[in-house]
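All remarks here apply to the structure that follows.
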Amino acid sequence: MPARDTSSQVAIIGAGPYGLAAAAYLRAAHVETKVFGEPMEFWARNMPAGMSLRSRPDCSQIGTPHRELSLDAFFAHAGGRPKRLAREDFVRYGLWIQTRVAPDLDHRRVLRLERGPSGFNLRLADGTTWIAERVVVATGIGRFARRPAEFADVPRALASHSSDPEAFADPRGRRVVVVGSGQSAFEAAADLSEKGAEVEVLLRAPSVRWLRSAPDRGTMAPGAWDSVRGLLSRLMRPQLDIMGPRLVTWLVAWPRIYRHAPGRVQNVLTRRAVRPAVADWMQPHLTAVRVSPGRAITSVVRANSHLDLRLNDGTCRSVDHAVLATGYRVDVRAYDFLPDDIRGALRVHEGYPVLTAGFESSVGGLHFLGAPAAFTFGPICRFVVGTQYAGRAITRYVQPRAGAGRHRESYQAPVSVAST
């Protein structure tokens, strides 16, 4: 048997919202858990400074089983509850949770995950090995950034992804095109414009889909929906500000229902729920930004220190830089820490792992949380609002079956979004 100071029942790779939520629930259930990673790394390093989450604060809460770790509790501790949640505040909130649910966080990078006689061997950056019976991968979406084929050979200095804001640090007086039609595209455009760049947003859609701001209802600690009145309110009037029509909103708020729905229904729900959209409170920040709908880039030519872009309407743009707010394409086989034998054994659908009720993949003991779980559990897994369901579900599954049988799957999320 391995020494207990080098092994655990569960190892979590990643310390963002999903990794912290899983740690909070597993440890509250007395499941021996080790967490590896930098806390809130993607949000701190890859999201633009000054951005705000599109979702209201009441829908941006990291799931924990502790009422004292709610977002309201954080703001009571930190002071000043804002109307909109800034990236900086969200990072501080995540770090605050980390110090309470995973104070022994291990910052060492996991270089390789191998199957072993006791479950899995995690080869760490310092050359040591950690042994775990189960592994939870919760590393976020950073490595899945999507670059359109037209930009495949364009260097980062001329065309950067919106998740890489450091690639274009000084935009003053520069001509910039932002490609995309969602919140991240318009956040980037507003930030660049306010820093002195000449900015144009190119989007394929015929128009911008604006989301009307809804009043914040205040965050709710776990257990606050236990009353009959509260439950009926959640059932009959799910929050509609982000996730589409009422029926779509209601269905994607219940991952268990989504998981058992026919594939065609799942496809329709996902398309309706994750359409690119922009919060209407962004509009005052875009007065100097040119927005060009119905435009697609057909070719990109590098000309010395700038780019010549040809569009589908026959016009051209000569720009100093392109920001690609073109989203993410999940493919778990791209994780560099997975060896070929595990990649080959993973059952996937277009890059997404096919998971069981406990977020377990076809490789026994290997679980995936966050965006990779969206094929099985629906679009709620792409957003922070899904952390509470994920933390509860994986804990029920990992616990001894005698204990797991006493729990019922009754959680319904407040539906809004904050990207993972």
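The values are calculated or read from the model by the stated rules, or taken from the named source; none is laboratory data. These figures come from a predicted structure and were not determined experimentally. Cβ coordinates were reconstructed from backbone atoms using ideal geometry, including for glycine residues, and neighbour counts include every protein chain displayed.
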Selection from segment 306-321 of residues assigned to a loop (DSSP other than H, G, I, E, B) and closer than 22 Å to Leu192 by Cα yields Asp320
In segment 119-135, which residues are free of Cβ contacts under 8 Å to residues at least 12 places away in the same chain and either among the hydroxyl-bearing types (Ser, Thr, Tyr) or touching a strand residue (DSSP E or B) at 6+ places or on another chain (Cβ under 8 Å) (or both)?
Asn121
Note on segment 58-103: residues part of a loop (DSSP other than H, G, I, E, B), touching a residue at least 12 places away in the same chain (Cβ under 8 Å) and under 22 Å from Arg27 (Cβ atoms) are Gln61, Ile62, Gly63, Thr64, Pro65, His66, Ser70, Ala102
Filter segment 158-179 down to the residues that are free of Cβ contacts under 8 Å to residues at least 40 places away in the same chain and among the aliphatic types (A, V, I, L, M), then identify the one that is surrounded by the fewest Cβ atoms within 10 Å (Cβ to Cβ).
Ala169
Any chance Ala152 is out of contact with any strand residue (DSSP E or B) (no Cβ under 6 Å at 6 or more places or on another chain) and either outside the structural domain of Leu202 (by TED's automatic domain parsing) or not charged (D, E, K, R) (or both)
yes
Just give me the residues in segment 118-157 being acidic (Asp, Glu) and under 14 Å from Gly19 (Cβ atoms), in sequence order.
none
Name the residues in segment 104-127 that are touching a helix residue (DSSP H, G or I) at 6+ places or on another chain (Cβ under 8 Å) and part of a loop (DSSP other than H, G, I, E, B), would you?
Leu105
Hits in segment 273-292 (condition: more than 23 Å from Phe383 (Cα to Cα), in contact (Cβ under 8 Å) with a residue 24 or more places away in the chain and β-branched (Val, Ile, Thr)):
Val289, Val291
Residues to consider are Leu71, Leu113; find the one that is at pLDDT below 95 and in the same structural domain as Ala345 (by TED's automatic domain parsing).
Leu71
If you scan segment 42-72, which residues turn out to be more than 23 Å from Trp281 (Cα to Cα) and crowded, with 19+ Cβ neighbours inside 10 Å?
Phe42, Ile62, Gly63, Thr64, Pro65, Leu69, Ser70
Given the conditions (1) part of a loop (DSSP other than H, G, I, E, B); (2) buried (at least 20 other Cβ atoms within 10 Å of the Cβ); (3) touching a Leu at 6+ places or on another chain (Cβ under 8 Å), and given that Trp130 satisfies all but one, which numbered condition is not satisfied?
(1)
Report whether or not Gly37 is within 19 Å of the chain's Cα centre (by Cα) and within 25 Å of Glu360 (Cα to Cα).
yes
Can you tell me how many residues in segment 180-196 are surrounded by fewer than 16 Cβ atoms within 10 Å (Cβ to Cβ) and either part of a helix (DSSP H, G or I) or not assigned by TED's automatic domain parsing to the domain that holds Ile297 (or both)?
1
Considering every residue within segment 7-20, establish whether at least one is part of a loop (DSSP other than H, G, I, E, B), modelled with pLDDT of 85 or more, farther than 23 Å from Ser162 by Cα and not aromatic (Phe, Trp, Tyr).
no
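Residues checked against (1) at pLDDT below 85; (2) of a type in the set (D, E, K, R):
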residue: Arg175; (1), (2): no, yes
residue: Asp191; (1), (2): no, yes
residue: Val208; (1), (2): no, no
residue: Leu231; (1), (2): yes, no
residue: Thr249; (1), (2): yes, no
residue: Ala253; (1), (2): yes, no
residue: Arg256; (1), (2): no, yes
